[in-house]
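The values are calculated or read from the model by the stated rules, or taken from the named source; none is laboratory data. In this text, all values refer to a predicted model and were calculated from it rather than measured experimentally. Neighbour counts are summed over all protein chains in view; Cβ atoms, including those assigned to glycine, are modelled from backbone coordinates with ideal geometry.
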Amino acid sequence: SRIPRIVILGAGYGGIVTAIRLQKQLNYNEADVTLVNKHDYHYITTHLHMPAAGTDNPENARVEISKLIDEFKVDFVKSTVLQIKPQEKKIILEDSTLSYDYLVIGLGGEPETFGIPGLLEYSLNIRSINSVRFIREHIEYQFARFKKEPTRKDYLTFVVGGAGFTGIEFLGELADRIPRLCREFDVNPELVQIINVEAAPTALPGFDPELVEYAMGVLKDKGVTFKIATAIKECTPDGVILATGEVIKAATVIWTGGIRGNRMLEEAGLETSRGRVVVDSFLRTKEYENIYVIGDCSIVLNDQGRPYPPTAQIAMQQADVCAHNLIAAIRNSSPREFKFSNKGTVASLGRGEAIGIVGKYKIKGYSAAMMKKLIDMRYLYIIGGIPLVLKKGRF
Ligand code: FAD
């Protein structure tokens, strides 16, 4: 009989870990595995706030896919997915077509703008190597522009929309970077404004209030101004207009206020909520039992029926179960149910500072920053072993 064909879309946390697990666990000629990704590198999304602010090199946030997969066991196709056709079991790529027996969708998310006018057009998003290189250059360029037009204080005003994990981590790095840029461009640091705008009643909604207060304290000391419980009403080419009527003139608006699933899922006719597919306990879609969805474009509900936040942590745990279940489907053995096991959360606040909850412990300051490094290194170890830890780990 024909060898079953598994296609994995996206080499993010979910996709790359699924591919690595499959290449380890499948026997010779048991399945054909193809991994498709837009770029020939995997990016370590959880690092991206650093190169975006310019506190680290973008090179440190990416790894060549050929270094992670065994090309005798997994076919890598560098291409952009244009369309998923579940009824025909086909994937339309920009330059070819693939057919599959089993499909894994790990295409990640897209910025959620909640319909706020202008955000899509005028704000920047931290989402890929290309986008963070752009943000880094853009920030530097504002300093250069200011030296030419010293009345334009809006060049030195940086608005970050959203105080979730991404927003808070980026603020920490940006606040670290600004003093260095001020020195480099001979700019008075007092002219620079970093403003965070968050619509929810608190920063890091749902996180431990004591740690949230600590985080805000650290960031305020570094020069961040918070406007919490304040919604952005509109983003314009000149800055943002808040629901309070206040107008902030800013040449830089970075939007981190939310993500939704990749649009291709709804276009494929799958039932979605904000672009994300609610999967069954085996991580399959309701409509097709040969399609698995993992990572930021899936939704897993907790015991209270509420979705878990999309994180790298859950994407990797899903990848383990997804790989197991693909093999079980091929071997006719029993699949495993997915249960999220929260190992904790640590958010960095810039150099040497972080907050987090690990197990039942609250951590902050230097020890939390060390924990963050450990978590990063553990990930490098999982995907690339010791060589990758030595190459990309920041000690
Ligand atoms: P992604 O990692 O987004 O990967 C999707 C992949 O699909 C990408 O490689 C992309 O190039 C590819 N792709 C997309 N569209 C196409 C297409 N049309 N064709 C081909 N390929 C395509 N989570 C944590 O758990 N801990 C953290 O500390 C943490 N920190 C974060 C910090 C920042 C700054 C950000 C932005 C996120 C952070 N997250 C963190 C969240 C975490 O990064 C995401 O939840 C995780 O990346 C989701 O993994 P994924 O596999 O679903 O998608």
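Applying the condition of being of a type in the set (A, V, I, L, M, F, W, C) and surrounded by fewer than 20 Cβ atoms within 10 Å (Cβ to Cβ) to the range 135-180 and asking which residue is farthest from the ligand (Cβ to nearest atom) yields Ala144. Ile92 satisfies every condition listed in (1) surrounded by 13 or more Cβ atoms within 10 Å (Cβ to Cβ); (2) in contact (Cβ under 8 Å) with a residue 24 or more places away in the chain; (3) out of contact with any His (no Cβ under 8 Å at 6 or more places or on another chain) except (2).
Inside the range 3-47, residues that are touching a Lys or Arg at 6+ places or on another chain (Cβ under 8 Å), crowded, with 20+ Cβ neighbours inside 10 Å and aromatic (Phe, Trp, Tyr) make up a count of 1. Go through the residues of the range 38-57 one by one and say whether even a single one is in contact with a Phe, Trp or Tyr (Cβ under 9 Å, 6 or more places away or on another chain) and under 14 Å from Ala323 (Cβ atoms). No, the range 38-57 has no match at all. Taking (1) of a type outside the set (A, V, I, L, M); (2) part of a loop (DSSP other than H, G, I, E, B); (3) within 30 Å of Ile91 (Cβ to Cβ) in turn, Gln304 satisfies each apart from (3).
For every residue, the table says whether it meets (1) under 30 Å from Gly359 (Cα atoms); (2) touching a residue at least 60 places away in the same chain (Cβ under 8 Å); (3) out of contact with any helix residue (DSSP H, G or I) (no Cβ under 8 Å at 6 or more places or on another chain).
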| site | (1), (2), (3) |
| --- | --- |
| Pro201 | yes, no, yes |
| Phe207 | yes, yes, yes |
| Met216 | yes, no, yes |
| Asp221 | yes, no, yes |
| Thr225 | no, no, yes |
| Ala229 | yes, no, yes |
| Thr236 | no, yes, no |
| Gly239 | no, yes, no |
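Tell me, please, whether a residue that is in contact with a Cys (Cβ under 9 Å, 6 or more places away or on another chain), free of Cβ contacts under 8 Å to residues at least 12 places away in the same chain and either of a type in the set (S, T, N, Q) or not assigned by TED's automatic domain parsing to the domain that holds Pro179 (or both) can be found in the range 256-265. No: the range 256-265 contains no residue that is in contact with a Cys (Cβ under 9 Å, 6 or more places away or on another chain), free of Cβ contacts under 8 Å to residues at least 12 places away in the same chain and either of a type in the set (S, T, N, Q) or not assigned by TED's automatic domain parsing to the domain that holds Pro179 (or both).
Contact map, the range 39-60: first residue without any contact (Cβ under 8 Å) to a residue 12 or more places away in the chain, second residue more than 10 Å from the ligand (Cβ to nearest atom), Cβ cut-off under 9 Å, separation 6 or more or different chains; pairs are Glu59/Lys392.
Out of all the residues in the range 363-395, which are of a type in the set (Ser, Thr, Tyr) and surrounded by fewer than 18 Cβ atoms within 10 Å (Cβ to Cβ)? Passing the criteria: Tyr366, Ser367, Tyr381.
Across the range 213-251, the number of residues qualifying as over 25 Å from Pro179 (Cβ atoms) and out of contact with any Pro (no Cβ under 6 Å at 6 or more places or on another chain) comes to 15. Per the conditions (1) of a type in the set (Phe, Trp, Tyr); (2) crowded, with 21+ Cβ neighbours inside 10 Å; (3) in a helix (DSSP H, G or I), the sole criterion not satisfied by Tyr292 is (3).
Test Ile116 against the criterion of being within 16 Å of the ligand (Cβ to nearest atom) and either touching a residue at least 24 places away in the same chain (Cβ under 8 Å) or in a helix (DSSP H, G or I) (or both), and give yes or no. Considered against the rule, which asks whether it is within 16 Å of the ligand (Cβ to nearest atom) and either touching a residue at least 24 places away in the same chain (Cβ under 8 Å) or in a helix (DSSP H, G or I) (or both), Ile116 comes out as no.
Looking at the structure I just gave you, is Leu171 hydrophobic (A, V, I, L, M, F, W, C) and within 24 Å of Asn342 (Cα to Cα)?
No: the conditions fail for Leu171.
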